[in-house]
Amino acid sequence: MSWPATKKWTDELLATIAAGKRPTDAQKKHYSHPDIKKALRQETAHKCARCESKLTHISYGDIEHIIPKSKLPQLLFRWENVTLACDICNTNKGNFYDPANPQSNLIDPYVDEPKDHFIFSREVVTPRPDSMRAFETERTLKLTRNELVERRRERLDFLEGLIRAWNLAPQIYKDMLHDDLLQRHMKSDDEFIGICQVRLGRLKESGNIDFRNGFC
C-alpha cells in the first residue's frame with residue numbers, strides 16, 4: 001500500500017526537526033487516518049502483530065511503529081514500518097530501539113520467522129538460547145504474561161478437544177470433523193495460529209493423531 005503525500009509529509013516533518021522546532025500533532029498524526037487503520041486491520045487479520053491476540057472485538061488496536069517514530073522520524077510514514085498492536089504490547093514496547101546494537105532489537109513480525117527465534121512449548125513461548133533478539137522481545141513485550149498464557153492455553157485446549165472428538169468419532173463422521181477443524185479453526189487469521197500449527201504438527205509426529213484415517 002502507498003500513502004498519498006508520503007514524501008511531502010516526511011519532508012515537512014524533517015524540515016521542522018532540522019529547524020530545531022517541535023513537530024505539531026497534525027504533522028505527526030497523518031498515519032492515523034481511518035482508511036490506514038482499516039487497511040492495517042485487514043493486513044493483520046484483526047490481530048496484534050506482536051502477540052497474535054484477536055483485539056478489535058474488545059479494543060480499537062493501536063497503530064504501532066516497528067521502529068519508534070521518536071528514534072527514526074524519517075520512517076514515520078513508511079507502510080512497512082507500521083502495524084497494528086494491542087495496547088499492552090504497544091505500551092510495553094514503548095520507544096525501545098537501539099540502532100547501535102541490532103542484535104538487541106525486537107523481532108520484526110513482518111521480516112522474521114518466529115520459529116527461528118522462539119521455542120513453542122504448548123502455550124508457553126520462550127526465546128531460543130541462540131537468539132538475543134528473541135530474549136529482548138520476550139522481556140520487553142512480556143510475551144509470557146499470565147493473561148496471554150492463559151488465553152493460549154484455552155485456545156489449545158479447544159483445539160485438542162476437537163482432535164479428540166475426531167479420533168473418537170465413527171468413521172462416517174471423520175471427514176466432516178476433519179474439514180470443520182481445518183476450515184473453521186486452523187485458518188491463517190485465527191488467534192494464535194502459530195502455536196496451534198506447531199502443536200498440531202507435534203501431535204502428528206508423536207502419533208497422537210490416527211494417521212490411518214488420513215488426518216492432514
Exercise. Highest mean first, what order results for 62-75, 165-178 on Cβ atoms within 10 Å?
Worked result: 62-75, 165-178
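Residues with beta-carbon under 12 Å from that of R199, excluding R199: net charge, scoring Lys, Arg +1 and Asp, Glu -1? Present the calculation step by step, with values, prior to reporting the outcome.
Numbers: positive: R122, R152, R153, R155, R202, K204; negative: E123, D157, E160, E205.
With Lys, Arg at +1 and Asp, Glu at -1, the neighbours total +2.
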Seminar exercise, completed: With x for Gly and Pro, the residue-by-residue ³J(HN,Hα) of the range 95-106, computed from phi through the Karplus equation 6.51 cos²θ - 1.76 cosθ + 1.60 at θ = phi - 60° and given in whole Hz, is 9, 5, 5, 10, x, 7, 9, x, 6, 9, 7, 6
Exercise. For semi-axes √(5λ) of the Cα gyration tensor in Å, the choices are [x] 36, 21, 16; [y] 23, 19, 18; [z] 40, 19, 13; which was calculated from the structure?
Worked result: [z]
Problem set entry | Placed amide H near A49: partners under 5 Å, 5+ positions off or other chain | L84, A85, C86
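Determine the sum of side-chain charges near F96: Lys and Arg each +1, Asp and Glu each -1, restricted to other residues whose C-beta is under 14 angstrom from that of F96. Could the numbers behind the result be given before it?
On the way: positive: R50, K69, K71, K93, R133, R139, K142; negative: E64, D98, D108, E136, E138.
For residues surrounding F96, the net value is +2.
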For this session: Specify which residue in the list T10, N146, N105 is farthest towards the positive end of the charge dipole of the chain, using unit charges on the beta carbon of Lys, Arg (+1) and Asp, Glu (-1), about the Cα centre.
Result: T10
For this session: Please work out the Cα convex hull volume for the range 147-213 and give it in Å³ per residue.
Result: 78
For this session: Using the Cα centre as the reference, give the magnitude of the dipole from point charges on the C-beta atoms of the chain (Lys, Arg: +1; Asp, Glu: -1; all else neutral), rounded to the nearest 20 debye.
Result: 420
For this session: Enumerate the lysines that K187 could reach by cross-link, defined here as Cα to Cα under 24 Å, with residues fewer than 8 away along the same chain left out.
Result: K37, K38, K47, K54, K115, K174, K204
Seminar exercise, completed: Whole-Hz Karplus couplings 3J(HN,Hα) for the range 174-185, θ = phi - 60° and coefficients 6.51, -1.76, 1.60, Gly and Pro as x, run 5, 4, 5, 5, 4, 5, 4, 4, 6, 7, 10, 10
For this session: Give me the angle, in degrees from 0 to 90, between the Cα long axis of helix 193-206 and the longest principal axis of the Cα atoms of the chain, rounded to the nearest 10.
Result: 30
For this session: Would you calculate a helix-derived [θ] at 222 nm for the chain, using -39,500 (n - 2.57) for each DSSP H run of n ≥ 4 and dividing by the full residue count, to the nearest 500?
Result: -14000 deg cm²/dmol
Seminar exercise, completed: Quick calc: nm separation of the 7 Å Cα→Cβ label points for K38 and V111 -> 3.1
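Read the figures in this text as sums done on the coordinates, not as results from a lab. Remember, it's a predicted structure, so these values are computed and weren't measured experimentally. Don't worry about glycine lacking a Cβ; one is built from the backbone with ideal geometry, like all the others, and counts go over all protein chains shown.
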